[in-house]
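One structure is given here, and the rest of the page talks about it.
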Amino acid sequence: MKSRRHLLHAATTDDETPYNVVLTHCTADFDSLASAVGLAKLWSTERKSVPTTLVVDDVDEENPNTEQPDHYSTPDTFNPTYVVLPRGAHPGVAKFLSLHKHLFPIKSLRDLPNPENLDKLGLVDAQRRERIGPAGPLLAYAKRITVVDHHVESNTDIPEAEDYVVDNVGSVTTLIVEKLRKERVDVTPPEATLLALGIHADTGSLCFDSTTPRDATALAWAMRNGASQAAIAEHAHSTLSTEQQLVLTQSLAQINTTHVDGVSVSTVLLRADGFINGLAAVTKDVLDLSSSDVLIMAVIYDSKSKTIGGNNKNRQGGGGGGGTGKKGKNNKNFKKRVGKEFVQEMEEEGGRGMRDNWKMGVDAERRKSLMNAFEKKDVDGSGYLDSQEIKSALKGGGVVASEELVDNLMEEMDKNRDGRVDFEEFFAFAKKLQLQIDIEEGKVPATMILIGRAKAGFHLKSVNLAKLFEEFGGGGHAKAASATTRLADFSEGKAVLQRTLDKLIVSAQIQQPIVRDFMTSPVLVVNQDMVETDVEELFQRSSVRALPVVNEKEQLVGMVTYKELAAAQTRYANKVKKKQKQMGGDGQGGDVMIAGTKVKAWMLQHVRTVATKTTLSDAEKILLEGDFGVIPVVDGEDEVVVGLITRTDLLRQHQYYDSGTLHYNNKAFADRIADRKPLVELRKKLKEFDLEE
């Protein structure tokens, strides 16, 4: 005979055993789950305050020496530590747990032991009460509270926390891994895999701009400790479910984009019949597929609805009939209208308008009004309405319904399938019908989920979505955040989303730098009447590789680079050599003088330019399309040259590196003309050995 939990101590019962709990945030992602499991591992290696208590899971009473398999509750040494997911997990995490859940100390809230015996409570990737949802009451029972997070800009509303660990890393799992390394705690391959998934998830596989070297080190540690790369490859980037794909399709169809100073800011407003899991992944895909820079997705659903599914999915996002066809849709609407007419006839018969009473929220008044009508329509006084009585009620309201529609109406109301409708069945039908009407008219309280995503970029550094969502009690990262808010009704959602968008544009000061802000100016120019020697002198003096060519009005007429100059110098040398031979010389020197060729004859023409008001992103596209590495900047109707944009100018705006690191010394491309002169002279010497054609 086995007992689920057996305690071997003379004066101790199961309810008196202290235990620890680590909470993820609601709808746990891989980072939250991994850090929770890691913290549970750490706490499970700490000695408990009553070392004489022995806790053994699944012990055979006839063989009490049976080895217990749960390494999180080692006998006579450690307090058990459980991981709790307050409100489920993301679909990808749920898929992983479907195979691995038994390998981790996960319990549901309702399965926890007596909360009076809760010793330590940990919150990972969460430092506000709303982030742990239904697990909030545990805060009052814990003897010690620990918060571990990496959202450094968030403010906590849990003053009871004694241990507050918040650091600026890409993943909160990194903080846990560092502690595991320091304490030399061994982890199993599944644990190492989960830790690696946590780091991958919140750093975008080390690609997000919030990633730090510490994250890379922590990921390498997990890999060295047995993390399965096959499992990581399968679970790190999960595919969208059918439900998520439907949301993605609707989002791309209904997206609204605003261009603000060269930045694309998009919003999506969807309506659903219930909570939709995995919206964060959908939002990320919409951001990428729409080529938006910033995206705010809002999904509104009835607060009382369950998870979206079944036939109700056809209403998601204002979608179509779900394959019912025009005829089927019209038939469904007609049946709903018939039901509405029937209820309204009963209301009028009852003497008071049910809609007004419902707004009053007085259930007794609603029941009284409809009960009065029900009794009047119950002609035979049986306490039930049959199909003939319902048909008569419809006729009294001016509705001529077929036998089929009456049967359908009966089927909707007759829940116990006894062929008749009692008052409770009728009243339930009336409430359900009214709720459907109110939902369609947007007159019921609703919940709106806001999810924001922003791409990394120099022009988006001031975008802070976590701060933007603070008014709704939300949180997250600067470029990835979410929030949930209550609405008086569905119609309020559009105004809330617009207000949030306006606040984003104003507070973040979304704008791209324009060329005038970062161009190199004043700029050295080449006059179109200069010759090779003049241009070479300019190049040597300024150590540049390209210069604009202008006319007497300072208007751009072309570009000259070191390639054109080198080719022109070679042609000039060949002319001198040829002239010397014509004069009877050996071509090795002399006082032969030949006029140089003006630069307008050998410069590059039809050069792309940018104006001073051109945005950085547009200038960058032009630079990528060209082959010079520089772009002339012109201003005014006369297009006078006022500056240059170089690759280094653009790199400085991206702020990838410290300003002191942008000094290149590429011998192949960036040498001064003077430094390349020996090579040019060598080429001249070798030219003498070319075979005459």
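The values are calculated or read from the model by the stated rules, or taken from the named source; none is laboratory data. This is a predicted model, so every value here is computed, not measured. Here the Cβ is made from the backbone with ideal geometry for all residues, glycine too, and neighbour counts use every protein chain on show. Please note that ligands, DNA and RNA were not included when accessible areas were found on the heavy atoms of the full protein model with its side chains. Shrake-Rupley method; radii C 1.70, N 1.55, O 1.52, S 1.80 Å.
Of all DSSP bridge pairs formed entirely within region 207-300, close to 40 percent run antiparallel. Checking the a/c ratio against 1.5 first, then a/b against b/c, what shape does the Cα gyration tensor give for region 149-275? Verdict is prolate for region 149-275. When you count the other C-beta atoms within 10 angstrom of each residue and take the mean per peptide, 97-109, 449-461 line up highest first as 449-461, 97-109. To put it simply, the accessible area of region 528-631 at a 1.4 Å probe is 50 percent carbon and sulfur.
With a simple spin-label model that places each label point 7 Å from the Cα along the Cα-to-Cβ direction, the separation between residue 491 and residue 217 comes to 5.8 nm. Past 18 Å, Cα to Cα, is the threshold; run 563/600; 455/479; 284/621; 284/479; 575/598; 41/120 against it and keep the listed order. Beyond 18 Å: 284/621. In terms of the mean number of neighbouring beta-carbon atoms within 10 Å, the peptides 566-572, 178-184 order highest first as 566-572, 178-184. Accessible surface ranking for 651, 175, 252, 33, 1.4 angstrom probe, highest first: 252, 651, 175, 33.
Relative protection proxy for 190-201, 594-605, from highest mean packing down: 190-201, 594-605 (other beta-carbon atoms within 10 angstrom).
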